[in-house]
Amino acid sequence: MTMIGNLTRRTVVSWQKKALGQRIPLTTMTQNTLKDDHGCQILMSPSLVSLDLPDVWPPNSTDFRFRLAKTQSNEHIAAVINGQLIAEEIRSRIASEVRRMEEFIGKVPGLAVIVVGQRRDSQTYVRNKIIACEEVGIMSKVTKLPDDCTEDEILTALSGFNVDPSVHGILVQLPLPRHLDVGRISDVLSLEKDVDGFHPLNIGNLAMRGREPLFIPCTPKGCIELLIRSGIEIMGKKAVVIGRSNIVGLPASLLLQRHHATVSAVHVFTKNPEHITHDADIVIAAAGVPNLVRGNWLKPGAVVVDVGTNPIEDPSCEHGYRLIGDVCYDEAVRVASAITPVPGGVGPMTIAMLLSNTLDAAKRAYNFT
Ligand SMILES: NC(=O)c1ccc[n+]([C@@H]2O[C@H](COP(=O)([O-])OP(=O)(O)OC[C@H]3O[C@@H](n4cnc5c(N)ncnc54)[C@H](OP(=O)(O)O)[C@@H]3O)[C@@H](O)[C@H]2O)c1
């Protein structure tokens with residue numbers, strides 16, 4: 001299989017960005033190239049750690065479809081988009097930005113996490129986020145509340161972090177117990193510290209042309225970064241997003257539209273989802289249904305981003321289960337031109353995007369560029 005993720009920095013380009021209703025020349029950005037196992041160079045996105053979302057990303061000179069790998073028996077096999085490697089590169093860049101910030105202004109970014117209850121998956125996600133913060137030098141604080149806590153207790157913790165100057169990003173680990181109103185909680189969260197990007201104003205600004213959200217939700221942002229950094233052109237392509245949740249599917253659709261794809265959203269009530277999916281050049285699967293997307297759902301050469309993270313029992317694994325995606329990998333890998341694995345695809349990118357959003361928040365708070 002072809003692995004993507006061997007990163008080298010190359011050219012410098014500039015572009016224009018629509019900001020505050022005007023086209024203004026923006027900064028000179030560094031653009032990167034990837035080299036795959038065949039030595040092909042692929043353009044990457046501009047450096048992260050900024051909110052820059054140009055209207056049009058620089059088009060790619062290389063069409064991904066022409067670089068399909070073949071097995072020894074001449075069977076087609078998709079390139080694997082290595083989210084782990086790409087996320088590591090991003091995290092190392094964030095770490096050096098945090099060091100630069102500390103050196104110049106004596107401050108580091110801070111992330112506050114509120115976690116409610118004892119769900120094992122939530123505890124694991126929070127632990128991983130805290131470790132990731134430590135690794136890049138971001139300060140973190142965690143407030144743990146019991147399963148039966150009241151909404152007011154969460155709002156009190158949230159309000160404290162809202163006014164804490166050492167905290168630049170706040171996240172409330174989801175899902176919350178049923179008796180708590182997520183909407184009311186995200187309404188109270190300071191817009192400037194909404195590093196998960198779930199505040200209605202951030203989502204609203206993401207949806208509107210000519211507007212910039214302060215933050216983009218981490219998982220969809222990670223999906224788009226994976227596409228761009230793998231040299232996959234989005235502009236003008238047909239994309240299908242399976243799932244329309246507020247935290248993944250909906251913002252993923254909005255982001256793809258921002259990148260000028262023609263987007264269809266598939267959900268529980270969609271008739272003939274396989275037919276609609278089969279038309280897509282890019283498929284983002286975020287339904288939470290193991291192996292929902294079969295090989296025959298995919299157009300040959302499609303690019304597949306599998307967000308699904310579904311635990312299935314497996315006594316041979318250390319914890320008695322393993323994670324599989326929403327896409328039937330073994331079938332899809334024979335049809336797609338590129339695919340993200342589960343685990344090791346979108347998951348590591350989600351955490352990298354959280355760190356990136358937290359760094360952005362701190363830079364904005366200190367007016368540090
Ligand atoms: N890798 C990561 O970092 C990461 C981060 C977040 C989530 N995830 C994973 O991504 C998956 C989705 O997460 P989520 O929070 O978006 O889940 P969610 O809130 O349960 O939303 C699932 C969405 O999928 C749609 N859906 C469910 N079954 C479907 C089916 N059979 N056919 C078509 N659409 C279907 C639902 O449609 P309706 O709207 O019609 O109900 C809904 O919009 C989960 O496996 C989750 O664990 C991974």
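Nothing in this text is a laboratory measurement; each read-out follows from the coordinates by a stated rule. Please read all numbers here as calculations on a predicted model, not as lab measurements. Cβ coordinates were reconstructed from backbone atoms using ideal geometry, including for glycine residues, and neighbour counts include every protein chain displayed.
Residues in the range 137-151: is at least one under 30 Å from ASP281 (Cβ atoms) and in a strand (DSSP E or B)? Checked the range 137-151: no residue is under 30 Å from ASP281 (Cβ atoms) and in a strand (DSSP E or B). Per the conditions (1) within 15 Å of the ligand (Cβ to nearest atom); (2) loosely packed, with under 14 Cβ neighbours inside 10 Å; (3) not β-branched (Val, Ile, Thr), the sole criterion not satisfied by LYS129 is (2). The set of residues in the range 136-151 being among the charged types (D, E, K, R) and either surrounded by fewer than 13 Cβ atoms within 10 Å (Cβ to Cβ) or within 18 Å of ALA361 (Cβ to Cβ) (or both) consists of LYS141, ASP147, ASP148. Number of residues in the range 249-272 that are within 11 Å of the ligand (Cβ to nearest atom) and closer than 23 Å to MET235 by Cα: the value is 7.
Only one of the listed residues (VAL136, VAL167, VAL163) is touching a residue at least 60 places away in the same chain (Cβ under 8 Å), away from the ligand (no atom under 16 Å from the Cβ) and out of contact with any Pro (no Cβ under 6 Å at 6 or more places or on another chain). That residue is VAL136. Restricting PRO109, PRO146, PRO165 to those that are in contact with a strand residue (DSSP E or B) (Cβ under 8 Å, 6 or more places away or on another chain) and closer than 27 Å to ASN202 by Cα reduces the list to PRO109. Listed conditions (1) farther than 25 Å from MET101 by Cα; (2) touching a strand residue (DSSP E or B) at 6+ places or on another chain (Cβ under 6 Å); (3) of a type in the set (Ser, Thr, Tyr) are all met by THR219, apart from (2).
Please specify each residue of the range 203-247 satisfying the condition of being among the polar types (S, T, N, Q) and either within 16 Å of the ligand (Cβ to nearest atom) or surrounded by fewer than 23 Cβ atoms within 10 Å (Cβ to Cβ) (or both).
Listed by number, the residues that qualify are ASN205, THR219, SER245, ASN246.
Of the numbered criteria (1) within 11 Å of the ligand (Cβ to nearest atom); (2) in contact with a Ser or Thr (Cβ under 7 Å, 6 or more places away or on another chain), the one GLY288 fails is (2).
To keep it simple, each residue is scored yes or no on (1) surrounded by fewer than 16 Cβ atoms within 10 Å (Cβ to Cβ); (2) under 30 Å from VAL113 (Cα atoms).
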residue: ALA265; (1), (2): no, no
residue: GLU274; (1), (2): yes, no
residue: THR277; (1), (2): no, no
residue: ALA286; (1), (2): no, yes
residue: TRP297; (1), (2): no, no
residue: LEU323; (1), (2): no, yes
residue: ASP326; (1), (2): no, yes
residue: MET353; (1), (2): no, yes
residue: ALA361; (1), (2): no, yes
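For GLY320, are the conditions met, namely being more than 11 Å from the ligand (Cβ to nearest atom), in contact with a Ser or Thr (Cβ under 8 Å, 6 or more places away or on another chain) and at positive phi? For GLY320, the condition - more than 11 Å from the ligand (Cβ to nearest atom), in contact with a Ser or Thr (Cβ under 8 Å, 6 or more places away or on another chain) and at positive phi - is not met.
Of the residues making up the range 152-177, those that are surrounded by fewer than 20 Cβ atoms within 10 Å (Cβ to Cβ) and not in a helix (DSSP H, G or I) are ASP164, PRO165, SER166, LEU174, PRO175, PRO177.
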